[in-house]
Amino acid sequence: MKQSSWLVETVLKVGAAVVLFVACPASLRGFQADKPAVAHQPSAMPDRVILNWTEDASTGFSVTWRTSTEIEKGIGEIVLADDGKDFPKKARKVEAATTEYKTNLGTAHTHSVTFTGLTPATGYLYRVGDGKNWSEWSQIRTASGKNEPLTFLYFGDAQVGILSHWSRVVRKAYSMAPNAKFMVYAGDLINKFNLDEEWGEWHWGAGWINKVVPSVPAPGNHEYGKLTPTSERAITVNWRNQFTLPENGVAGEEEKNYYTDIEGLRMVVLNSNTKQKEQAEWLDKLLTDNPKSWTVIAFHHPFYSTAKNRDNKELREVWQPVFDKHKVDLVLQGHDHAYGRSGLMAAQGVPSNKAGTVYVVSVSGAKQYDFVSKTEFQRKAQQTQLFQIIRIDGDRLTYESRAAGGDLYDAFELTKQKGKPNRLENRIPKTPERVKK
């Protein structure tokens, strides 16, 4: 007899007691690192449910999820948030796009829906499934479309120790900023691009947080690889099959280079792995007509490295002039597995602290490097898992870098000044720097 992939209950009567045994699906059982094909097996139930914003976060968002191939179609339902229990009767159905994809663990179906035409600054409930097997209802609030207070989270590389070590970081970050509008990932979410079990750990680590806070990911070098020695280097099959991101970037870089507008912020993601010159031209045009007060850019390979024998000189020479030209406020990066945060920098390698952009390199996972001394950084750390909380309120941006347990490690404030460069004020705590002396 074929066992149900969802739930099996066995009731045994022992004397006057009743004992209930519950056998959960493979994807929900205790993690079996030595049996990834079992631990990360898809079923009829939606899993790996994740949110992404559309180009305009005030009017739409997307949801992506995975099932086994027995589920041939997907459906999303959405309704205005309601405190009563009868809201499902008013839900609107949206048919999902369904795609079959193959990984090292087998074949699965990915489904995605994009809810558009939504009302700004409004709460919505949504769920996804196939009409029979449904996720729970989750709640999200659209952006206002105006320059209103905004909080978001930023994570450097998760990459190694994803479930064992990184999960505590994303959970602590959410607990300290539960109203965050999105989470930025600066690449290397996983270590080996072709191992689906690592993506399973990544989704498992964040859990239901992915259902209520949209993700804004940038691809890192570990999202790329060759399936065979003779094949071309390409991004993991999981990328576009588990994210539904704006397709408004450079042609050929769909969902790897994009932007979204949210409140008073233009959030830009660049792909530092490929087509760097084309993205520079695209960015120049994009920021020439920028209606937002603040511009934050995320990508993987840092302009200024915190690690030994690393220098992305060519990338810096192509992109930084565009950043300087358009007075980009903040740049969020990963790759180098040690923390470094600059002052204001308006020219290559010149930390003037009088004008320019703040550059950050951070790491959230267990793979750590020692910090190599550099003049660009005003606060640094090594062998430390970190996350960042960034808040924008009118003409002020506040930045907090916190260690895995939540303690404040670094902080600064940027203030817009009409006709003048941003003003930077450090708010560094007295905690000693975690670096070798």
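The values are calculated or read from the model by the stated rules, or taken from the named source; none is laboratory data. Because the structure is a prediction, the values reported are computed rather than measured. Counting neighbours? That spans all protein chains shown, and the Cβs are built from the backbone with ideal geometry, glycine included.
Summary of computed values
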| item | result |
| --- | --- |
| Close pairs from the stretch 83-107: first more than 30 Å from P36 (Cβ to Cβ), partner of a type outside the set (G, A, S), Cβ under 6 Å, at least 6 apart | F87/V79; K90/V79; A91/E77; A91/V79; R92/I78; K93/I75; K93/E77; V94/V113 |
| Residue list for the stretch 124-142, restricted to those being loosely packed, with under 14 Cβ neighbours inside 10 Å and closer than 17 Å to L80 by Cβ | Q139 |
| Residue list for the stretch 201-240, filter: in contact with a helix residue (DSSP H, G or I) (Cβ under 7 Å, 6 or more places away or on another chain) and part of a helix (DSSP H, G or I) | E201, W202, H203, W204, G205, A206, I209, N210, E223, N238, W239 |
| Enumeration of residues in the stretch 145-163 that are surrounded by fewer than 23 Cβ atoms within 10 Å (Cβ to Cβ), at pLDDT 95 or above and not in a strand (DSSP E or B) | P149, V160, G161, L163 |
| Lone unmet requirement of (1) farther than 23 Å from W208 by Cα; (2) under 22 Å from the mean Cα position of the chain (by Cα) for T114 | (1) |
| L332 being under 20 Å from the mean Cα position of the chain (by Cα) and in contact (Cβ under 8 Å) with a residue 40 or more places away in the chain | yes |
| Unique match (being within 26 Å of I389 (Cβ to Cβ), surrounded by fewer than 22 Cβ atoms within 10 Å (Cβ to Cβ), assigned by TED's automatic domain parsing to the domain that holds R402 and of a type in the set (D, E, K, R)) among K327, K313, K308 | K327 |
| The stretch 205-219: number of residues that are β-branched (V, I, T) and over 16 Å from S135 (Cβ atoms) | 1 |
| Selected residue (criterion: modelled with the highest pLDDT) from residues of the stretch 202-234 that are over 30 Å from W294 (Cα atoms) and of a type in the set (A, V, I, L, M) | A234 |
| Hey, H326 modelled with pLDDT of 95 or more and in contact with a His (Cβ under 7 Å, 6 or more places away or on another chain) or not | no |
| Residue tally, condition loosely packed, with under 15 Cβ neighbours inside 10 Å and among the hydroxyl-bearing types (S, T, Y), over the stretch 222-260 | 3 |
| Residues within the stretch 33-50 that are among the β-branched types (V, I, T) and either without any contact (Cβ under 8 Å) to a residue 12 or more places away in the chain or within 19 Å of K102 (Cβ to Cβ) (or both), tallied | 1 |
| In the stretch 276-300, residue farthest from D188 (Cα to Cα) [restricted to those that are part of a loop (DSSP other than H, G, I, E, B) and touching a Leu at 6+ places or on another chain (Cβ under 6 Å)] | K292 |
| Filter pass, G187 being in a loop (DSSP other than H, G, I, E, B) and under 16 Å from the mean Cα position of the chain (by Cα) | yes |
| Of all residues making up the stretch 352-376, the number that are of a type in the set (A, V, I, L, M, F, W, C), modelled with pLDDT under 95 and either within 21 Å of M183 (Cα to Cα) or surrounded by fewer than 24 Cβ atoms within 10 Å (Cβ to Cβ) (or both) | 2 |
| First in the stretch 413-427 and surrounded by 12 or more Cβ atoms within 10 Å (Cβ to Cβ) and modelled with pLDDT of 95 or more, second anywhere and of a type in the set (S, T, N, Q) and assigned to a loop (DSSP other than H, G, I, E, B), Cβ under 8 Å, 6 or more apart | K416/S293; L424/N353 |
| Residue within the stretch 391-402 that is in contact with a helix residue (DSSP H, G or I) (Cβ under 6 Å, 6 or more places away or on another chain) and surrounded by fewer than 18 Cβ atoms within 10 Å (Cβ to Cβ) present | no |
| Residue count for the stretch 98-135, restricted to those that are among the acidic types (D, E) and either in a loop (DSSP other than H, G, I, E, B) or farther than 23 Å from H40 by Cβ (or both) | 1 |
| Test: residue in the stretch 243-258 that is part of a helix (DSSP H, G or I), at negative phi, within 18 Å of the chain's Cα centre (by Cα) and in contact (Cβ under 8 Å) with a residue 24 or more places away in the chain | no |
| Hits in the stretch 371-394 - residues which are within 25 Å of the chain's Cα centre (by Cα) and either closer than 17 Å to G187 by Cα or part of a loop (DSSP other than H, G, I, E, B) (or both) | F371, Q382, Q383, T384, Q385, L386, F387, Q388, G394 |
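So that you can scan it fast, the table gives a plain yes or no per residue for (1) more than 23 Å from Q159 (Cα to Cα); (2) among the hydrophobic types (A, V, I, L, M, F, W, C):
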| site | (1), (2) |
| --- | --- |
| V268 | no, yes |
| Q279 | yes, no |
| L287 | yes, yes |
| W294 | yes, yes |
| I297 | no, yes |
| A307 | no, yes |
